[in-house]
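Read the figures in this text as sums done on the coordinates, not as results from a lab. For clarity, every value in this text was computed on a predicted model and none was experimentally measured. Here the Cβ positions follow ideal geometry from the backbone for every residue, glycine too, while neighbour counts run over all protein chains shown.
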Number of protein chains: 2
Amino acid sequence: MTIRIALVGFGQIARSHHVPAIAENPAFQLAAVVNPVDVAVPDGVPLLSSFAALQAEDIGVDAVAICTPPAIRPAVARQALAAGLHVLLEKPPAATVAEARNLGCLAAGNGCSIFAAWHSVFAAGVPVARALIAAHGLQSMAITWRENADKWHPGATWLWGAEGFGVFDPGMNALSIALATTGAALVPRAADLTFRPGQEAPVTATVSFTLPDPKIAASAIFDSGYTGSDETWTIDWTLGDGSPLVLSDGGATLEHDGRRLITPRAGDMSSLDQEYPALYRHFGDLITQARSELDIRPLQIVTDILASGVRRAA
Amino acid sequence: MTIRIALVGFGQIARSHHVPAIAENPAFQLAAVVNPVDVAVPDGVPLLSSFAALQAEDIGVDAVAICTPPAIRPAVARQALAAGLHVLLEKPPAATVAEARNLGCLAAGNGCSIFAAWHSVFAAGVPVARALIAAHGLQSMAITWRENADKWHPGATWLWGAEGFGVFDPGMNALSIALATTGAALVPRAADLTFRPGQEAPVTATVSFTLPDPKIAASAIFDSGYTGSDETWTIDWTLGDGSPLVLSDGGATLEHDGRRLITPRAGDMSSLDQEYPALYRHFGDLITQARSELDIRPLQIVTDILASGVRRAA
């Protein structure tokens, strides 16, 4: 049975990655696009201006993928779950942990599958890194997530609002990978946050963590105000045998002990080209198996850091 | 079997409430006091300068109650749990949810009871309020928690640091009562926070919440910078039948529909006089039954609010 899905919020990632991932997956059919302002949509796909307008039409939708800015995702998700639709939530699933848990309860109560889609977990290098860490153990982990957010998200004022997460919007991708690969509880110990004038969300953060084994050193540098030429989305591990393991390009590249194990596919523009098809395959499986997956851990770590970190001007 | 307990951190609440609650409870015996600086301690009770010094002595301790400032509680708790001791943690149990969960895992792994002691939940009015709300349902809830923190905690600089919680140090008491009485998930929706110059923790907060039934209106005003004469620790509910239910004096007084149901005991200086004995009876039960109780919900709500609230100068 084909899952008829509506995309709610039709920004850049919805157009460039959700649409092709749905198109290549025989389990799904793009049934509608919901966007508050007029946008070009794929041929033959109806465009509605709101979720209420979608419900008013007799389109026959089974699921929605919510790609709006994060602050309004929970309200849309509540409407969709109340209507009995399966829900894919772009990351982060909500602005607060309480809200994310609330959505999980609503989904369970309504018999819907809900999927908090941390896309970076589906990067090609992640399962191989996880296997190597499981096999060899870990001495240390260092996250470096450094980019020019103003270049990637021009005019995205929501990113710098109180519920936009700022540097942690990309930073949560690193944390989702760190959790998926080490399989461990990461406890933030000390965090320094800097803020640009008039912004509610931080532009840089340095964080130290402990893992269940306190001998493992773990730290992270997040910088969304970086303007140099070497933007970096890298996790450096030292395995138990002393060998270096480096996941870079946001997860698309993996090197172990100087040897390249995973390389981006020829023609791919970014790691997202592999992540979104895998993510939709997983969403289809969850719906077929009547399961949900709502991993709140990356959001939990970030709310802990934002609540307890020391803040200063950038 | 008597539980030999050490008090770690011997500030005002430890002296005025932990000591008498232990003295009146036959299940416990005060075996030692740990405090980094010299203080007067009860006759015959040894004073040690650190947890390490306590371990070096042959005192025979079964449990600790950790009453230090919050930022160092987890480190002491980890040492105590590693030594196989049962742990009572003053509220809040940690600066972050991740850290609190981590302590729960350590306790379970070491066969220790851990108790996150939200003292306000043991106030006399709380069980009666809970029963009335369960019987009649709820239309609304309004928290007003307004005090002069500088009067109650003179010189407590930790209170205004990044891990001190500021207005939410007392405010968490209200949230713990709200959760215990309504039995519901409180999801913070919008929060405004103000900060005094140079302080990392807010001095005021206004928060709106939703409950699972979205028709129930819930909001809170927290103010720790209040200097007027009518300090207030009150929750006002409107029950399903329209009758008002008012819990005041931090939980020591309860009125329903204009009728006084619970009154502070004659001679009590504060609601804490009833809360701490009840709290120690519960800790004794947990140890006897080899159970733990680590309710992280009040801390979760506060970290969500601190992470997502809008911030401005007081």
Inset, instruction - Return the whole-Å distance between the Cα centroid of region B:237-314 and the Cα centroid of region A:1-19. - result: 46 Å
Legend entry - Built amide H within the under 5 Å cut-off of residue A:195, gap 5+: A:203, A:312, A:313, A:314
Legend entry - Percent of beta bridges antiparallel (DSSP, the protein assembly as shown, rounded to nearest 5): 50 percent
Legend entry - Averaged over B:186-194, number of beta-carbon atoms from partner chains that fall within 10 Å: 3
Legend entry - Stokes-Einstein diffusion coefficient of region B:94-205, Kirkwood radius over Cα pairs, 10 °C, 1.306 mPa s, in µm²/s: 97 µm²/s
Inset, instruction - Jot down the per residue volume, in cubic angstrom and as a whole number, of the convex hull over the alpha-carbon atoms of chain B. - result: 139 Å³
Inset, instruction - Could you work out the mean count of beta carbons from other protein chains within 10 Å of each residue's beta carbon in A:89-100? - result: 4
Inset, instruction - Over region A:41-150, calculate the relative contact order: mean separation of alpha carbon pairs under 8 Å at least 6 apart, over the residue count, as a percent. - result: 20 percent
Inset, instruction - Take every DSSP beta bridge whose two residues both sit in chain A, then give the antiparallel share in percent to the nearest 5. - result: 50 percent
Inset, instruction - Any chance you could get the radius of gyration and Dmax over the Cα atoms of the protein assembly as shown, in Å? - result: 26.1, 86
Inset, instruction - Extending each Cα 7 Å along its Cβ direction at residue B:213 and residue A:75, get the distance between those two points in nm, one decimal. - result: 2.4 nm
Inset, instruction - Using the Cα centre as the reference, give the magnitude of the dipole from point charges on the C-beta atoms of chain B (Lys, Arg: +1; Asp, Glu: -1; all else neutral), rounded to the nearest 20 debye. - result: 520 debye
Legend entry - Relative contact order %, region B:1-77, counting alpha carbon pairs below 8 Å whose residues are six or more apart: 39 percent
Inset, instruction - Please work out the C-alpha center-to-center distance from region B:63-129 to region B:138-193 and express it in whole Å. - result: 18 Å
Legend entry - region B:180-280 shape via C-alpha gyration tensor axes, a/c threshold 1.5: oblate
Legend entry - Candidates A:228, A:183, A:267: whichever shows maximal mean-square fluctuation once chain A is modelled as a Gaussian network with Cα springs under 10 Å: A:267
Legend entry - Neighbour count of at most 12 Cβ within 10 Å plus DSSP loop: longest trypsin sites (Lys or Arg not before Pro)-free window in chain B: B:1-214
Legend entry - Förster radius 35 Å - calculated FRET efficiency between residue A:82 and residue B:134, Cβ distance, rounded to 0.05: 0.85
Inset, instruction - Would you please state which residues of region A:257-280 a label at residue A:16 would reach in this model, taking the label point 7 Å out along Cα→Cβ and a backbone N cut-off of under 20 Å? - result: A:264-280
Legend entry - Contact order relative to length of region B:162-266, as percent, for alpha carbon pairs under 8 angstrom and 6 or more apart: 17 percent
Inset, instruction - Can you spot the aspartates and glutamates whose alpha carbon is less than 12 Å from residue A:151's alpha carbon? Ignore those fewer than 8 places along the same chain. - result: A:231
Inset, instruction - Please list, in chain and number order, the residues 5+ apart from residue B:65 or on another chain whose amide H is under 5 Å from its amide H, with Hs placed from the backbone. - result: B:6, B:7, B:8, B:88
Inset, instruction - Give a residue-ordered list of calculated ³J(HN,Hα) values for region A:227-234 (Karplus: 6.51 cos²θ - 1.76 cosθ + 1.60, θ = phi - 60°; whole Hz; x for Gly, Pro). - result: 10, x, 8, 9, 4, 9, 10, 10
Legend entry - aspartates and glutamates whose Cα lies under 16 Å from that of residue B:215, excluding same-chain neighbours fewer than 8 positions away: B:241
